[in-house]
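Structure first, commentary second.
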Amino acid sequence: MKIIRRDWFGIDRTTTYRLYPIGDIHLGNRACDEAMLKRTVDAIAADDDALWLGLGDYADFIGRSDRRFDVDSLADWMQVVHLGDIAKAQRDRLMDYLAPIAPKCLGLVEGNHERSIKKYYERDIYREIVSGIKEAGGFEPDHDLAFGYSGWLMLHYYRSDKRQRGTLLKLNLHHGFVGGKLAGAKALNMQRWLWSHEADLVIMGHSHNSAAQVEAVEKVRGGKIVHDHRIGCYSGSYMRGAMYAEMKGYFPLPLTQTVIILQPGAHEQRDRIRVVSSA
């Protein structure tokens, strides 16, 4: 599990950032809504205060010898010429989308689709994506973007140009592990995670929903009883709900994008992180 730190300086009370978790794209699957992906990328590119995180399952990465392979699930743009190296075709198209916003990337989580192709077919497509984003973003070779399947992102904000009088926001990131057709299992697992991880914000993917929930943990600080405000959210998906439900037998899920509003200079912790969803 990786810990990555990012620092910002010259932050005042009103400084605001918009953080987009981008995960469960499943590019190359016919259920992937690429128009929605483009809208997300365009919104980030047009916003000077926008940042993003990768939450895994960036493409399907399912080759012809994989038992999960289904030619009917392929996107229309997948042609015969791409079948020799499906992962490369999907990775290249992914980079075409993400390259314009690569400099705004805070880190990349590995998904189960990236892990599966590495485990069974010895293709570390996740590292290829990380390297591609680093190159497109103009980052130094030793700049750390790879969390693996889960990790911590420590966001340090300072009012001056020195590391003093700062605010720390602790983000716990996980591709996700929750399944099921109903919302109950997802909510309960997020609640357990928030109670067992001292994070200001938890972001998970995998389950293709975009719910957010707030929890509190009671503790004693400075001789007073206080409550830690913690918020968790799921990152959403770019899979068209009705089409994905048809293939998998799931209930349709709304096609939404999670956006996290960060105002690190706010007086109250509950005002420093807000989660909203947009269609």
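The values are calculated or read from the model by the stated rules, or taken from the named source; none is laboratory data. As the structure is a prediction and not an experimental result, all values here were calculated from the model. When we count neighbours, we look across all protein chains shown, and the Cβ atoms used for this are built from the backbone with ideal geometry, even at glycine. Note: accessible area is taken over every heavy atom of the protein model, side chains too, but ligands, DNA and RNA are not part of it. Shrake-Rupley method; radii C 1.70, N 1.55, O 1.52, S 1.80 Å.
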_For the chain, take every pair of Cα atoms, bin their distances at 10 Å starting from 0, and report each bin as a whole percent._
6, 28, 36, 20, 7, 2, 0
*From the backbone phi of segment 47-52, what are the Karplus-calculated ³J(HN,Hα) couplings (6.51 cos²θ - 1.76 cosθ + 1.60, θ = phi - 60°) in whole Hz, Gly and Pro given as x?*
10, 4, 9, 9, 9, 8
_Low-density loop cleavage sites - GluC sites (Glu not before Pro) in segment 167-275, where at most 10 other Cβ are within 10 Å (DSSP)_ = 268
*Under the definition of Cα pairs under 8 Å and six or more residues apart, what whole-number percent is the relative contact order of the chain?*
24
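How much length would be gained if the chain were fully extended between residue 49 and residue 66, taking 0.36 nm per residue of separation minus their Cα-Cα distance, in nm to one decimal?
2.0 nm
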*Mind checking the full-extension length gain between residue 228 and residue 213? Use 0.36 nm per residue of separation minus the Cα-Cα distance, one decimal, nm.*
4.0 nm
*In straight Cα distance, which lysines are under 23 Å from residue 219, not counting same-chain residues fewer than 8 positions off?*
170
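Taking only protein heavy atoms into account and a 1.4 Å probe, give the accessible area per residue of segment 25-148 in Å².
Values: 5660 Å² over 124 residues.
On a per-residue basis, 46 Å².
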*Nearest 0.05, what FRET efficiency do residue 192 and residue 79 give at R0 = 30 Å with Cβ-Cβ as r?*
0.10
_Per DSSP, loop chymotrypsin sites (Phe, Trp or Tyr not before Pro) in segment 41-138 with at most 16 further Cβ within 10 Å_ = 69, 77
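Could you work out the relative contact order of segment 49-180? I mean the mean sequence separation of Cα pairs under 8 Å and 6+ apart, divided by the number of residues, in percent. Don't skip to the answer; put the middle values down first.
Working: 175 pairs, mean separation 34.8, N = 132.
This gives 26 percent for segment 49-180.
Where both residues lie in segment 1-123, what percent of DSSP beta bridges are antiparallel, nearest 5?
Details: 1 of 10 bridges.
Just about 10 percent of them are antiparallel.
Report, to the nearest whole %, how much of the accessible area of segment 53-110 belongs to carbon and sulfur atoms, 1.4 Å probe, protein only. Before the final figure, lay out each step's value.
Details: 1270 of 2570 Å².
Ligands and nucleic acids excluded, carbon and sulfur reach 49 percent.
Taking every pair of Cα atoms in segment 88-157, average 1/r, invert it to obtain the Kirkwood radius, and report Rg/Rh to two decimals.
Values: Rg = 12.5 Å, Rh = 12.8 Å.
When Rh is taken as the Kirkwood radius, the ratio is 0.98.
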*Out-of-range pairs (alpha-carbon distance over 28 Å; input 2/134; 162/224; 38/162; 2/224; 38/88; 88/181)*: 162/224; 38/162; 2/224; 88/181
_Net charge around residue 150, counting only other residues with Cβ within less than 10 Å of its Cβ (Lys, Arg = +1; Asp, Glu = -1)?_
0
*Using DSSP, restrict attention to beta bridges with both residues in segment 147-279 and report what percent are antiparallel, rounded to the nearest 5.*
75
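So which trypsin sites (Lys or Arg not before Pro) in segment 9-89 pass both tests, a DSSP loop state and at most 16 other Cβ atoms within 10 Å of the Cβ? Working shown, then result.
Values: sites: 13, 18, 30, 38, 39, 64, 67, 68, 88; in loops: 13, 30, 64, 67, 68.
Counting only loop positions with at most 16 other Cβ atoms within 10 Å, the trypsin sites (Lys or Arg not before Pro) in segment 9-89 are 13, 64, 67, 68.
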*DSSP beta bridges in the chain, what fraction antiparallel, as a percent rounded to 5?*
55
*Considering amide H positions built from the backbone, and no H for Pro or chain starts, which residues 5 or more places from residue 59, or on another chain, come under 5 Å of its amide H?*
26, 27
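Applying a 10 Å radius around every beta-carbon, put 256-267, 139-150, 202-213 in order of their mean neighbour count, most first.
Numbers: 256-267: 18.8, 139-150: 14.9, 202-213: 22.5.
So the peptides 256-267, 139-150, 202-213, ranked by packing, come out 202-213, 256-267, 139-150.
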